[in-house]
Amino acid sequence: MATSRPTVRSLAASLGLSRATVSNALRGFAGVNEKTRLLVQREAERVGYVTHPFAAQVMSQIRRSATDKQMGTLAVLELHEPKRPFGSAQFHSELLAGVKERAATLGFAADHCVFGPGSELSLRRLDQILQNRGVRGLVLLPSWSEPNFLELDWSRFTGVYLDYQIQRPALHKVCSDHGFTVFNALEQARARGYRRPGLAIAHRTNARLHGRWVGAYLAYLHEHPELTAIPPLVVDEADELKPVHFLPWFEREKPDIVLTHWLGALEQMKAAGAKVPRTHGFLCLNLQVAPAHFSGFLQQPRQLGARAAELVISQLTHGEMGPPSRPSTTMLPSEWRQGATVKDVSA
């Protein structure tokens, strides 16, 4: 005779615990002490208990509608970095808003925690605070330097990082699809009649994106021989482009449209005689802090934050703690905005 499938009810009966305690322990929610949580999870593994995601979601919604209580709290962690590039603070603010908004719709609160040198919190102290509060789900905001979160006890947490590079530990990541952004930028340029597109970026920015901007640029030009291939300007000795780097390249290579993240390039182009958008185009790869008349791409930080919240809560719901065995990267497309710095394709 087939053995019946283990359930929360059968686990609770065998352990002498309430069904609510077993259910919360399996999901890693606050209010269950660590000893009980480990006891329940080990017993669930021993008997082969498997959560039914759809049933769990339905029951969760029923309980929430009946009690109108939050199911838990996420922590949004931000490393204190005073020397981050211009615009990072606003980008982080939008990411945080996206996490909070989506978490709220799924029954979770989200607390913002700033840690590191120059702040009031060390990572080790933050670890203790989060454990004491029963917080298990973490959303990690982008770090300008390579992040290291190994001081956290990851046996007690699950997390998602909102950028490309994280190896300490390796986590699931959510970020903009920067390669697609460059492909789309070149499509927009080609549709408007530009034939000498030039890419100008800082090396450190490109490196943080694992070379996606330069790689996508070169791949697109390889597939479109009707366009003139211009060597991209990748500044190695500075974190940000400057006139001393940009102007010689612009005058030597003569691009008719420039793809860049450096807002100051537009004024440098005009100073060199470019009539934007009549004779030349300017396309910004990150419009986060650009003036409203700039053409380019919005990286949708609120949507990125929302997606990170969904992934963390999904992991909590399935009782998944610690770094994943196979970290994944979820990339969301940026959004094109027509401005006054490129020709209007409908004109």
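If you go through segment 110-135 and keep only what is touching a residue at least 24 places away in the same chain (Cβ under 8 Å) and hydrophobic (A, V, I, L, M, F, W, C), you end up with 110, 113, 114, 115, 123, 126, 130, 135.
Give the number of residues within segment 6-33 that are under 23 Å from residue 311 (Cα atoms), assigned to a helix (DSSP H, G or I) and not aliphatic (A, V, I, L, M). Lay out the reasoning, then the answer.
Going through segment 6-33, the residues under 23 Å from residue 311 (Cα atoms) turn out to be 22-32.
Then drop every residue that is not assigned to a helix (DSSP H, G or I), which leaves 22-27.
Now drop any that are not not aliphatic (A, V, I, L, M), which leaves 23-24, 27.
Matching residues across segment 6-33 total 3.
Selection over segment 241-272 of residues that are in contact with a Phe, Trp or Tyr (Cβ under 8 Å, 6 or more places away or on another chain), touching a residue at least 60 places away in the same chain (Cβ under 8 Å), buried (at least 21 other Cβ atoms within 10 Å of the Cβ) and part of a loop (DSSP other than H, G, I, E, B) gives a count of 1.
Yes or no, residue by residue, for (1) among the charged types (D, E, K, R); (2) at pLDDT below 85; (3) within 16 Å of residue 314 (Cβ to Cβ); (4) in the same structural domain as residue 104 (by TED's automatic domain parsing):
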| site | (1), (2), (3), (4) |
| --- | --- |
| 15 | no, no, no, no |
| 22 | no, no, no, no |
| 26 | no, yes, yes, no |
| 39 | no, no, no, no |
| 42 | yes, no, no, no |
| 47 | no, no, no, no |
| 50 | no, yes, yes, no |
| 57 | no, yes, yes, no |
| 61 | no, yes, yes, no |
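Of the residues making up segment 313-347, those that are part of a loop (DSSP other than H, G, I, E, B), among the β-branched types (Val, Ile, Thr) and at pLDDT 95 or above number 2.
Annotation note: Cβ proximity below 9 Å between a residue of segment 321-335 that is touching a residue at least 40 places away in the same chain (Cβ under 8 Å) and within 30 Å of residue 42 (Cα to Cα) and a residue that is surrounded by fewer than 15 Cβ atoms within 10 Å (Cβ to Cβ) and of a type in the set (A, V, I, L, M) (sequence gap 6+ or interchain) occurs for 323/170; 324/170; 327/170.
Scan segment 123-146 for residues that are of a type in the set (Gly, Ala, Ser), in contact with an Asp or Glu (Cβ under 8 Å, 6 or more places away or on another chain) and surrounded by fewer than 19 Cβ atoms within 10 Å (Cβ to Cβ) and jot them down. Show your work before the answer.
At the first step, the residues of segment 123-146 found to be of a type in the set (Gly, Ala, Ser) are 134, 137, 143, 145.
Then drop every residue that is not in contact with an Asp or Glu (Cβ under 8 Å, 6 or more places away or on another chain), which leaves 143, 145.
Matches in segment 123-146: 145 only.
The test for being farther than 19 Å from residue 90 by Cα, free of Cβ contacts under 8 Å to residues at least 60 places away in the same chain and β-branched (Val, Ile, Thr) holds for residue 279.
Of the residues making up segment 115-152, those that are touching a strand residue (DSSP E or B) at 6+ places or on another chain (Cβ under 7 Å), over 16 Å from residue 72 (Cβ atoms) and modelled with pLDDT of 95 or more are 126, 140, 141, 149. Working carefully through the options 333, 301, find the one that is surrounded by fewer than 18 Cβ atoms within 10 Å (Cβ to Cβ) and either out of contact with any Lys or Arg (no Cβ under 8 Å at 6 or more places or on another chain) or not assigned by TED's automatic domain parsing to the domain that holds residue 203 (or both). Exactly one of 333, 301 is surrounded by fewer than 18 Cβ atoms within 10 Å (Cβ to Cβ) and either out of contact with any Lys or Arg (no Cβ under 8 Å at 6 or more places or on another chain) or not assigned by TED's automatic domain parsing to the domain that holds residue 203 (or both), namely 333. Restrict the check to segment 89-96 and report whether at least one residue is touching a residue at least 12 places away in the same chain (Cβ under 8 Å) and part of a strand (DSSP E or B). No, every residue in segment 89-96 fails to be touching a residue at least 12 places away in the same chain (Cβ under 8 Å) and part of a strand (DSSP E or B).
So, residue 226, is that one part of a helix (DSSP H, G or I) and surrounded by fewer than 21 Cβ atoms within 10 Å (Cβ to Cβ) or not? So residue 226 does not fit the description; no. Within segment 277-286, being in a loop (DSSP other than H, G, I, E, B), buried (at least 19 other Cβ atoms within 10 Å of the Cβ) and modelled with pLDDT of 95 or more holds for 277, 280, 285. Among the residues of segment 104-159, those that are part of a loop (DSSP other than H, G, I, E, B) and of a type in the set (Ser, Thr, Tyr) comprise 119, 122, 143, 145.
The values are calculated or read from the model by the stated rules, or taken from the named source; none is laboratory data. If you're wondering where the values come from, they're calculated on a predicted model, not measured in any experiment. Neighbour counts run over all protein chains shown; Cβ positions are idealised from the backbone, glycine included.
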